[in-house]
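Report on the following structure.
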Amino acid sequence: MGVRRRQRPKRRANSASPISACCPRTGFKGWHALAWLREQGIAVPEANNRAGSLAGGGFAARLADTELLLTGSLDGAADTFDGLLAALGEAKPSGVYPVPRSDGSAWLTMTGRHAPSCMAKLCGVDLRSKKFPEGCVAQTSVARLNAVVVRADLGSVFALHLFFDSASAGYFWRCLVDAAAEYRGAPVGVLALRRLAAEVTPATGRTGDG
């Protein structure tokens, strides 16, 4: 879903988009999961509830000492994690288990400087830039659903990535649309997010909420 100020059509104010169908994501958990992923060349964040970018695009979000969430790039290459899953199947290491997030977790992204204000209606965590800088992860309740919120900006644009139970996708979407209405927000497509991600961050700094 996207939220834009219509009186200022040339300036991004807020937007959100459903990207579950086209962008790969997976997860791994277990007592040996993080160490094994490092052995496979994955850049695992050093602390829980932190996220970092991956070399091929996307990001890794560390949810616990025993669990990592991985996303592919917005280009949506279907085979992004095939090699990793194949290596797991061949080696069968103890203490490492796949989490099929493409099946169970929907993924929505809300962008723009008004995104934290929209989310404040649905979530008790302060998601403003000064409290929730890029790379932060919150495991919290959003619209009364358990969700993972990851701050990973797209180019120079503030972006919150939301992961939640795919069975509740319709309800969650309606909640976001309703929250964005005050800011005259509107849905945007994945192509718009890809364009944002491709932009170079200007020297003056990122677009944020202050």
Taking segment 116-163 on its own, how many of its residues are touching a helix residue (DSSP H, G or I) at 6+ places or on another chain (Cβ under 6 Å) and part of a strand (DSSP E or B)? 4
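Per-residue answers, yes or no, for (1) basic (Lys, Arg); (2) modelled with pLDDT of 95 or more; (3) surrounded by 22 or more Cβ atoms within 10 Å (Cβ to Cβ):
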{"site": "94", "(1), (2), (3)": "no, yes, no"}
{"site": "103", "(1), (2), (3)": "no, no, no"}
{"site": "115", "(1), (2), (3)": "no, no, yes"}
{"site": "140", "(1), (2), (3)": "no, yes, no"}
{"site": "147", "(1), (2), (3)": "no, yes, yes"}
Selection from segment 169-193 of residues that are closer than 16 Å to residue 123 by Cα, of a type outside the set (A, V, I, L, M) and buried (at least 16 other Cβ atoms within 10 Å of the Cβ): 172, 173, 175
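Condition check ((1) of a type in the set (Val, Ile, Thr); (2) at pLDDT below 85; (3) in contact with a strand residue (DSSP E or B) (Cβ under 9 Å, 6 or more places away or on another chain); (4) not in a strand (DSSP E or B)) across all residues:
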residue: 9; (1), (2), (3), (4): no, yes, no, yes
residue: 13; (1), (2), (3), (4): no, yes, yes, yes
residue: 27; (1), (2), (3), (4): no, no, yes, no
residue: 35; (1), (2), (3), (4): no, no, no, yes
residue: 38; (1), (2), (3), (4): no, no, no, yes
residue: 42; (1), (2), (3), (4): yes, no, yes, yes
residue: 62; (1), (2), (3), (4): no, no, yes, no
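Assess whether residue 112 counts as being under 16 Å from the mean Cα position of the chain (by Cα), of a type in the set (Gly, Ala, Ser) and under 22 Å from residue 53 (Cα atoms).
For residue 112, the condition - under 16 Å from the mean Cα position of the chain (by Cα), of a type in the set (Gly, Ala, Ser) and under 22 Å from residue 53 (Cα atoms) - is met.
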Of (1) modelled with pLDDT under 95; (2) part of a strand (DSSP E or B), residue 167 satisfies every one except (2)
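When the residues of segment 119-138 are narrowed to those that are over 25 Å from residue 58 (Cβ atoms) and among the small types (Gly, Ala, Ser), which ends up surrounded by the fewest Cβ atoms within 10 Å (Cβ to Cβ)? Steps first, answer last, please.
Of segment 119-138, the ones over 25 Å from residue 58 (Cβ atoms) are 120-121, 124, 126, 130.
Subsequent filtering for residues that are among the small types (Gly, Ala, Ser) retains 120, 124.
Details: 120: 14, 124: 10.
In this case the residue turns out to be 124.
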For residue 59, work out the one condition from (1) touching a residue at least 12 places away in the same chain (Cβ under 8 Å); (2) farther than 16 Å from residue 23 by Cα it doesn't fulfil. (2)
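The values are calculated or read from the model by the stated rules, or taken from the named source; none is laboratory data. What you are looking at is a predicted structure, and each value in this text was computed from that prediction instead of being measured. Note: ideal-geometry Cβ built from the backbone for every residue, glycine included; neighbour counts use all protein chains shown.
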